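One structure is given here, and the rest of the page talks about it.
The values are calculated or read from the model by the stated rules, or taken from the named source; none is laboratory data. No experiment lies behind these values; they were computed from the predicted model shown. Every residue, glycine as well, gets a Cβ built from its backbone with ideal geometry; the counts of neighbours run over all protein chains shown.
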Amino acid sequence: MTFMLALAVLAAGLGVSAQSSTGLSSQCTSALAQIATNSSSACLSPSSLIPIITASANTSIVSSVDSWLSNVCAVGPCSNDTLSAIVTNLTAGCGTELSTLGFSSSDTATLISTVQEFYPTVRQVACLKDGNTNCVTETLTNLQDAVGNLSLTNIAALVASGNSTSIPSNVTCSNCVKAAYNTVDTAFPGLLDSENSTIQGECGTSFTDGSTPSGIVESASNSSSSSDSNSAVNAISQNVLLGLSVSVFLVLGSALAV
């Protein structure tokens, strides 16, 4: 599965993590609350994920993911200090929950540097557009056309199967995916070399030639993030915490997506 497709499934699939996170420990809930009330968390736009978290198990979440990405890309990126604080607070407060992803509090320092290294590139890829359409949204839409409704239930099954053999080339070999490949390859030369033969076999040798596909634009804002209002946090505090948990897992998962 190519990088853009992996990111697209990750962005949607994290909604499954959110719906299953109602049983968060009190320590994890407290850590998330601390982050949610910090204005710097606006770079993750946690409240924008509420429609994903609260969607019924059989409702497509593609449009909700698109709205969240639009908000994330419209505000400034998380600073290294913010990423460090998020990882530190989460590994300290959500050790049990994060252990299911293979993380341990003893790995905090390494994890901080890894997230800080990969987050800018993952954010850049997440904010790529094909014309006026977000590339992750486009990829999810094409994937939905190929495999059926991308509801939380179906995404969970797709992620669990890890099988991409039935996914057509218009999903895996699109201009969006090529642009994502170029972005990652530019930021981390050689990182994808081991995948080149597979990618070229599926998408052709021109896919890895480094040329920018027509119509692809970068939409990530570099301006300062504005904070979510405290009234919104107070009014829907539990849902915001769940939304924040998904956002945070995206930050942590960004190191794995690449």
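Going residue by residue through segment 190-198, is there one that turns out to be assigned to a loop (DSSP other than H, G, I, E, B) and modelled with pLDDT of 90 or more? Among the residues of segment 190-198, not one is assigned to a loop (DSSP other than H, G, I, E, B) and modelled with pLDDT of 90 or more, which makes the answer no. Residues satisfying the criterion are present in segment 13-28 (criterion: modelled with pLDDT of 70 or more, buried (at least 21 other Cβ atoms within 10 Å of the Cβ) and at negative phi). Pro77 satisfies every condition listed in (1) part of a helix (DSSP H, G or I); (2) modelled with pLDDT of 85 or more; (3) surrounded by 20 or more Cβ atoms within 10 Å (Cβ to Cβ) except (1).
Residue selection: Glu117 satisfies the criterion of being closer than 17 Å to Cys43 by Cα and of a type in the set (Asp, Glu).
Note on segment 122-136: among residues that are in a helix (DSSP H, G or I) and surrounded by fewer than 24 Cβ atoms within 10 Å (Cβ to Cβ), the one that is nearest to the chain's Cα centre (by Cα) is Arg123.
Step by step: first the residues of segment 136-171, then only those that are modelled with pLDDT under 75 and not hydrophobic (A, V, I, L, M, F, W, C), then the one that is nearest to Ser219 (Cα to Cα). Which residue is that? Only one residue fits best here, namely Ser164. Note on segment 167-178: among residues that are of a type in the set (A, V, I, L, M) and farther than 11 Å from Phe207 by Cβ, the one that is surrounded by the fewest Cβ atoms within 10 Å (Cβ to Cβ) is Ile167.
Scanning segment 104-120 for residues that are within 29 Å of Ala180 (Cα to Cα) and surrounded by fewer than 20 Cβ atoms within 10 Å (Cβ to Cβ) returns Asp107, Thr108, Ala109, Thr110, Ile112, Ser113, Thr114, Gln116, Glu117, Pro120.
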